[in-house]
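Notes follow the structure.
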Amino acid sequence: MKRFLIKALVLIMSFLLVLGIYGYFVYRDNREVSITESVNLMGSATLPVLYEKLNETNINEVHGYTTEMDPSYFRRSVLPVGDDGQISLMIDPYSANVISMNFTVSDYENHSQVIASSVSNWDLKDGKILVDLSISGLKTGKEYYMDLLVTTETHPEIHYYFAIQCLSHGIVNDNLPKILDFVQEYSQATLDYNKAVDFVIPYIEPSESNANDNLGKVDITSSLRQLTYQNLEVKQETQTKIYCTQVTEIESEFVLCYQIKADNEDGIEEHYEIKEVYRVAYYNGNIYLVAYDRSMDQVYDPASANQGTKRLNLGILSSRQVQFETSENYSKIAFVNAGDLYVMDTKDNVNTKIFTFDHADGNDARNTFDEHGYEVISLENDGSMDFMVYGYMNRGEHEGQSGAALYHYDAEKMIVEERVFLPSDEPYEVLKESVTSLSYLSDEDMFYLKMKDSVYSVDLGDQSYVEVVGNLDQEQFATSKDGRYLAWVETTDGLDRIRILDLESGIEKNIQGQKNRVLVPLGFVDNDLCYGVAASKNVYPDRYGDETYLFGYVRIVDKNQEVLKTYKKKGYYLTDVKVNKAMVSFSVVQKNSEEETGYQVVSEDQILNNTADATEAVNISTIVTEFKQTQVVINYASNVISSEDTKLTYPKEIQTDGKNKIDIYMEDAQDDYYYVYYGGCIIGVYASQAQARILAEENRGFVVDGMGRTIYQYEEVFG
C-alpha cells in the first residue's frame, strides 16, 4: 500500500511538473505573439531615411514627409556646406524603390528660391543610395534650406527638409572634421574609465558645487566618476546618431544620441537612452570643450523595474517632470516613457502599453524616431482612455505626416480606435507648443484643439469643424489645466474685455475693461482665472518692441466671476507674474521718478489659492540608492494588493480609418514668435524677442524668428 501511494504521488508530481512546464511555454509563446502582433498592428514603415555626410561620416538623420511642410521650422540640425557648394547625401531606402529625385534650395530671408534642379544619377553601394550634389551661388555666412523631393513606387512625393549653412572651405573641410572626431572619441571615452582618465580629464571643470548624485544629468562640472557612470558597467548597444545643430566660425554644437545597457543591483539588464550635447571651439589650432551636457533616461521595463506595493520606480531619468495622469479613484495611472504610452493598474499590478511607434525590429531608425508626444485627455476608473498623439507619424495610416490624432482606448475590449486625425504643416517641436496648450473632449463628443493661433472645435459625429476663436496672441490667452476653460482678450472701440468660455457647457462670461485700462489673462489657478489690470501708460515697450506690463492689481475670480483674491499695494506695481496650479507669484516694483524711465524691483511676493489641493494622492518623488543614485518614482495612492510580478499587456487591435482625416483650412499668417534652440530642440517660444535672447544666452543657444531666420546666436569670446 505504501509503495502504491509513493508511485501515485510521483505520478501526480510528474503530471503537475509537465503541466507547469507546458503552461509556462504556452504563456511565453502567447506573450511573445501578443507582443509581436501588438507592435506590428500599424504595419511596417515604408519611407526611406536620409543622412547628410560630413567627412564621410553620416550625420543629421532626416525623415521624410508625404505632405508639404513649412520649411521655416526645420532647424533641428544644420548641414555645413563649404563655399564650393559640394553636398554629399546617403539615403537608406530599406525596401523602397527610388524612382526619381529633385531638389530646391531657398533663402530663409524671404523664402525665395535660389536653385531648382533634378538629380540625374546616383550610386548604389551596399544597398544604400549615395548622392553628390554641386550647388553654386550660395553666399558664405548665409543660411538656406533644401527640400529634396523623392519619388518611390509607393509614394509619389516624399519631402526631406533640412537647413544648410554656407561656410568657408577651411571650416567645413578642416575644422569641423577635427571637432567631429573629438566628440566621437570623447563620447567613447566616457564609457570606459581607464580611457577617460587620459582623454576626458583635460576637458572637464569639476566643481565642489556639483553634488554628483544624479546620473540623469551630468555636465562639464561633474566628477570623472560621474561622467563614467559611477557604479554602472555600461555598454553601448546601438549605433550613435550624430547631429550638427549649430555652427559658427569658431564654435560648433554637436548632439550624439545612442542607447546603452547595464545591470542593476540585482544583476538584471536595464536599458538607457543617452543624449550628449557638445559645444566645441576650434581656435588657433586647438580644441576647447566649452560646454558638455549629458542626459540619461531609463527605458521602462516591468521585468526589471523595481515596482513595489507603494510605488513604481521609473529609474534614472533626466527630469522629474514625468508626464502622468490618474483616474478618479487613483487605481489607474497613465504615464509616458521613452516615446511610449502606458496605463498601470495598481490593483491588479498589470501595465498596458497603449501606444507605441516601436516595432519588433528595434534597430529600424524609422520606428525609434522620437518626434512625437502624447496628451492624456481623460482616464476612466476601468482604464479606458481618450488620448492624443501629436507630431511625426512614424508608420501606419498617416506615415510621414505631421499632425494630431485623437484616440480612444477601450479597456474591456483592449482596442485602440482612432477618432480623428488633423494634419499640420508644422513639425513636432512647433506643433507641440500649440496643441499642448489646449486639448479638450466634451461629453457631447466635441473635440477642442489649438493649432497655430486658432482654437477649433471638431464634431466627432459628423467630422465637421468650426474655428472657435482665431488670431490669438500668446500673451493674451490662457487655458485651465484640464482644458475646459478658455480665456482671451478682445478689444472693441478701444476697450478691452476678457472672454471666458466654458468648452463643456458652451457658456461664455465676460470681464469688461475700462477706458485707458489694459486687461491681461495671466493663467488659471485650478479652474479660477487670474488676470491683471494695468493703466495704458504703464505698458512699456523695450528696444525690441516687446511690452512690459506694470499691473495696478492682480485678481483671481471663479467660474461665476466671484472675486476670490485681489492683490494691490498702494504706490507699487506688479510685474513678471507667473501662475501655477496653487500659487501666483510676481515682482513688486516701484516706478522711477518722472525724469527717469523704468522701475526698480522692491520685493517678490505671491498669492496662495486656498481652494487648491496642496497634496496629490498620486505624486512624483525621488529615491536615492548607492548603486544607481537618484531615481524617479511614482507614488501610489494606495498599496498594490496583488503579490504577483507586474505583467505587461498590449492592445489587441488599433483601428484607423482614412475617412477620419480632416484637413483644416488655415489662412497664411505671419508668425511673430521667437524660437529658442539648444541641443537640437526648441527650449522656449516667446512673443518677446528680449526674453528669447535671454534664454538663448543662458543656455548657449540661438534664436530664430517665424521665417526661420537666425536673429541671435550665442558665441564664446576667445583671444
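A short reminder: the numbers here are calculations on the coordinates, not readings from a lab. Everything quoted here is computed from the prediction, not taken from an experiment. We place every Cβ from the backbone using ideal geometry, glycine too, and count neighbours over all the protein chains shown.
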Notebook entry, point to check: Given H placed on each backbone N at 1.01 Å, which residues far from Y712 in sequence or on other chains put an amide H within less than 5 Å of it?
Noted result: V703
Notebook entry, point to check: When the Kirkwood hydrodynamic radius is evaluated over all pairs of different C-alpha atoms of region 171-298, what value in angstrom, to one decimal, is obtained?
Noted result: 15.2 Å
Next item on the list: Figure the gain on full extension for D123 and D668 (residue separation times 0.36 nm, minus the Cα-Cα span) and round it to one decimal in nm.
Entry: 192.2 nm
Notebook entry, point to check: What list of ³J(HN,Hα) values in whole Hz, one per residue of region 167-179 in order, does the Karplus curve 6.51 cos²θ - 1.76 cosθ + 1.60 (θ = phi - 60°) give from phi, with Gly and Pro shown as x?
Noted result: 10, 5, 4, x, 5, 6, 9, 10, 5, 4, x, 5, 5
Next item on the list: For a footprinting-style exposure proxy, rank S222, S378, S207 by other Cβ within 10 Å, fewest first.
Entry: S207, S378, S222
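I'd like to compare 510-517, 74-81: which one has the highest average count of other Cβ atoms within 10 Å, and what's the full order after that?
Working: 510-517: 13.1, 74-81: 23.2.
My ranking of the peptides, most packed first, is 74-81, 510-517.
Say R0 is 45 Å: what FRET efficiency, to the nearest 0.05, do L224 and E644 get from their beta-carbon distance?
About 0.60, to the nearest 0.05.
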Next item on the list: Label region 487-575 by shape, choosing from rounded, prolate and oblate, from the square roots a ≥ b ≥ c of the eigenvalues of the Cα gyration tensor; if a/c is under 1.5 it is rounded, and otherwise prolate applies when a/b is larger than b/c, oblate when it is not.
Entry: prolate
Notebook entry, point to check: Using all Cα-Cα distances in the chain, what percent lands in each 10 angstrom bin from 0 up to the longest?
Noted result: 2, 12, 21, 25, 22, 12, 4, 1, 1, 0, 0, 0
Note to self: From the convex hull of the Cα coordinates of region 612-719, what is the mean projected area in square nanometres?
What the structure shows: 16.6 nm²
Notebook entry, point to check: Could you give the nm distance between label points at S319 and M583, where each point is 7 Å from its Cα heading toward the beta carbon?
Noted result: 2.0 nm
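Starting with the fewest neighbours, write out V458, V98 ranked by other beta-carbon atoms found within 10 Å of each beta-carbon. Can you show the working numbers first?
Values: V458 22, V98 19.
Listing V458, V98 from fewest to most nearby Cβ atoms yields V98, V458.
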Next item on the list: Search the structure for amide H atoms under 5 Å from the amide H of E270, placed 1.01 Å from N in the peptide plane, and list their residues when 5 or more places away or on another chain.
Entry: A262, D263, N264
Checklist line | Virtual paramagnetic centre 7 Å along Cα→Cβ of K235, amide N under 19 Å, in region 262-284 | finding: 262-274
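So between T154 and M414, what do we pick up on full extension, going 0.36 nm a residue minus the alpha carbon distance?
Residue separation times 0.36 nm, minus the Cα-Cα distance, leaves 90.4 nm.
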Checklist line | Cleavage-rule hits, trypsin sites (Lys or Arg not before Pro), region 360-447, DSSP coil, Cβ neighbours within 10 Å at most 14 | finding: K413
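Taking 0.36 nm per residue of separation and subtracting the Cα-Cα distance, what length does fully extending S593 through N527 add? Before the final figure, lay out the partial values.
Details: separation 66, 0.36 × 66 = 23.76 nm, distance 3.91 nm.
19.8 nm is the gain from fully extending S593 to N527.
In percent, how large is the relative contact order of the chain, given Cα pairs closer than 8 Å and 6 or more residues apart?
Values: 1617 pairs, mean separation 81.6, N = 719.
It rounds to 11 percent for the chain.
How much FRET efficiency would the formula 1/(1 + (r/R0)^6) give for T104 and E698, where r is the Cβ-Cβ distance and R0 is 35 Å, rounded to 0.05?
Numbers: r = 36 Å, r/R0 = 1.03.
E(calc), rounded to 0.05, equals 0.45.
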Item checked: Per-residue ³J(HN,Hα) for region 46-60, Karplus 6.51 cos²θ - 1.76 cosθ + 1.60, θ = phi - 60°, Hz, x for Gly and Pro -> 10, 8, x, 10, 9, 10, 8, 10, 10, 6, 6, 9, 6, 10, 6
Checklist line | Per-residue HN-Hα couplings for region 474-491 [Karplus 6.51, -1.76, 1.60; θ = phi - 60°; Hz; x = Gly/Pro] | finding: 4, 7, 10, 8, 8, 9, 6, 4, 7, x, 6, 10, 10, 10, 8, 9, 10, 10
Next item on the list: Please list the non-local residues whose amide H lies under 5 Å from the amide H of Y553, H modeled 1.01 Å from N, same-chain partners needing a gap of 5 or more.
Entry: V533
